[in-house]
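> Pasting in a structure now, in structure tokens, and then I'll have a few things to ask.
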Amino acid sequence: MNKELAEANKAIENLIKAIESGKHIKLLSDRITQKEAEKAEIEKAIALEKLKYVDLTASEIQFFLTRLKNGDINDMKYRKLIVTVLINSVYLYDDGSIMIAFNAGDERQITLNADQIADFEAEFAEMGGSFLNEMHPKS
């Protein structure tokens, strides 16, 4: 798109030079108007494309991840933020399995069956808590 923009700018400059030389002013004026409209469309497309991507520095990413890591698990806003940032969707199936799609560029998905969920719950309980009970704020 930047190449197209440079070409549109060059075409406008050439048309202006042609007008300055006094040749076919009406035709050239119409072409300038056309090229300026093309240039505006290209600039708009470039701006829209830039909006799709966020340029973050390493320090900005580190700051965000540190804030994410140090949040209060009992704060419902923090919990919602974690889910929003990390998880795209969760599918629950009749057989008790769960499919989780993460917010990752490679569209990673994992599926946990009922046995895996029970194993995870057991491991968490061994560490001194219940995974399912920890999911809800204490009343």
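> Could you please let me know if residue 55 is surrounded by fewer than 10 Cβ atoms within 10 Å (Cβ to Cβ), over 25 Å from the mean Cα position of the chain (by Cα) and part of a loop (DSSP other than H, G, I, E, B)?
So residue 55 fails the test.
> Turning to a different aspect of this structure: Evaluate the following for residue 37: is it surrounded by 10 or more Cβ atoms within 10 Å (Cβ to Cβ), modelled with pLDDT of 85 or more, closer than 29 Å to residue 1 by Cα and not acidic (Asp, Glu)?
yes
> Return the pair list, or none, for Cβ contacts closer than 8 Å from residues in the range 1-29 that are of a type in the set (Lys, Arg) to residues that are exposed (fewer than 11 other Cβ atoms within 10 Å of the Cβ) and assigned to a helix (DSSP H, G or I), at least 6 apart or on different chains.
As it stands, the answer is none, since no pair meets every condition given.
> Which residues, counting only those in the range 45-102, are basic (Lys, Arg) and within 30 Å of residue 118 (Cα to Cα)?
Of everything in the range 45-102, those that are basic (Lys, Arg) and within 30 Å of residue 118 (Cα to Cα) turn out to be 69, 77, 79, 80.
> Within the group 113, 74, which residue is more than 25 Å from the chain's Cα centre (by Cα) and touching a residue at least 24 places away in the same chain (Cβ under 8 Å)?
From the options 113, 74, the qualifying one is 74.
> Can you confirm whether the range 126-136 contains a residue that is more than 19 Å from residue 71 (Cα to Cα) and either aromatic (Phe, Trp, Tyr) or modelled with pLDDT of 80 or more (or both)?
Checked the range 126-136: at least one residue is more than 19 Å from residue 71 (Cα to Cα) and either aromatic (Phe, Trp, Tyr) or modelled with pLDDT of 80 or more (or both).
> Just to be sure, is residue 74 surrounded by 10 or more Cβ atoms within 10 Å (Cβ to Cβ), modelled with pLDDT of 80 or more and in contact with a Pro (Cβ under 6 Å, 6 or more places away or on another chain)?
So residue 74 fits the description; yes.
The values are calculated or read from the model by the stated rules, or taken from the named source; none is laboratory data. Since the model is a prediction, treat every value here as computed from it, not as a measurement. Note that each Cβ is placed from the backbone with ideal geometry, even for glycine, and that neighbours are counted across all protein chains shown.
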